[in-house]
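Structure, as structure tokens:
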Amino acid sequence: MENRLILAPMGGMLRPSVRLTYRRLGAAMTCIGVIDARAVARAESDELINILGRREVTYEEERPVSVQLIGANVDEVAAAANRIQRFASVIDLNCSGPLQRLIDQGYGAADLLRDPAFIKEMVHAVVERTRLPITVKIRIGMEGPDVDVVGIAQNCQEAGAAAIAVHARFVRQMYFGPAHWEWIKTVKENVDIPVVGNGAVHSAFDAQAMLERTGCDFVMIGTGAFINPLIFLQTNELLETGHCPTISNTRTLLRFFREYFASARRMESRGLVRFLRSSCKNFLKVRSFMQGIQSGRVTLK
């Protein structure tokens, strides 16, 4: 890991060229999510299949890359993890999904967080079947602090997890509203493995504050990376020098799109016209969507 910043897994929203662009602009690791363990385990060949049924790919030049699995059956998750090892540097187990369509399949946090013993069994099974570091992503509760988040983190450690990622929101909050960073600090104080903090990091100063207030080892950035595409670059500079230059929104997007075009041209053979008409348009559409999530204007089901 080149630094302490990780691009969060956002299922179906991160093209390979976008992930590589964030790596070039300061993310130490990218993440691919959310890969459906059931679909992978049952596929005829080794493929990354996300919960939307789409195929994902990883590239050597974006490594280290984390592949996030989601599932509700221990055998399926372990089998899937074994099959996808060659695509990943790290395998992450998603126990934090708040979307209703995940919960309806038994995949989401509502079922998993209420069953710490199952999480421990799943982590142990995946550790036994793979040679890669295994991490686990959790939330701090359902409606409030109503699950034993420290116990869950300790179970993951005992089962062999290499790190734990804590999204410091309750499931009912989805992806917006205040993040309760004190729970990241509490988890960090009660486990010996590295802790990744996640939630409400919208600027370089937020990332710095999370590191200082919680003692976490890494910061995972999701929606903030779309709203401010230079957040990794700025945060690294702030942590290294104590200074964070102010960059206008227009200049930020121009700098990002310049790097993005270089990645898209090399990885997807996209010419400038196609890049402007398709890639830029799609990125701005997702960016607007993320801004809606952050403000609470957009809700997910």
Selected residue (only one of 50, 94 is within 23 Å of residue 174 (Cβ to Cβ), surrounded by 24 or more Cβ atoms within 10 Å (Cβ to Cβ) and in contact with a Gly (Cβ under 9 Å, 6 or more places away or on another chain)):
94
Test: residue in region 25-39 that is over 11 Å from the mean Cα position of the chain (by Cα) and surrounded by fewer than 16 Cβ atoms within 10 Å (Cβ to Cβ):
no
Please work out which residue is surrounded by the fewest Cβ atoms within 10 Å (Cβ to Cβ), limiting yourself to region 209-240 and to residues that are within 19 Å of the chain's Cα centre (by Cα) and more than 22 Å from residue 164 (Cβ to Cβ).
227
State which residue is modelled with the highest pLDDT when the search covers only region 84-100 and only residues that are in a loop (DSSP other than H, G, I, E, B) and within 16 Å of residue 141 (Cα to Cα).
96
It is to be established whether one or more residues within region 251-266 are in contact with a Lys or Arg (Cβ under 7 Å, 6 or more places away or on another chain) and hydrophobic (A, V, I, L, M, F, W, C).
yes
Return yes or no: is residue 177 at positive phi and either at pLDDT 95 or above or of a type in the set (D, E, K, R) (or both)?
no
Filter region 267-288 down to the residues that are closer than 15 Å to residue 22 by Cβ and not β-branched (Val, Ile, Thr), then identify the one that is modelled with the lowest pLDDT.
267
Here the residues within region 204-227 that are modelled with pLDDT under 95 and assigned to a loop (DSSP other than H, G, I, E, B) are 222
If we only count helices (runs of 4 or more DSSP H) wholly inside region 1-83, which ones have 1 or more residues that are of a type in the set (S, T, N, Q) and modelled with pLDDT under 95?
16-24
Is at least one residue of region 132-147 at pLDDT 95 or above and more than 20 Å from the chain's Cα centre (by Cα)?
no
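The values are calculated or read from the model by the stated rules, or taken from the named source; none is laboratory data. As the structure is a prediction and not an experimental result, all values here were calculated from the model. Cβ atoms come from the backbone with ideal geometry, glycine included; neighbour counts cover every protein chain shown.
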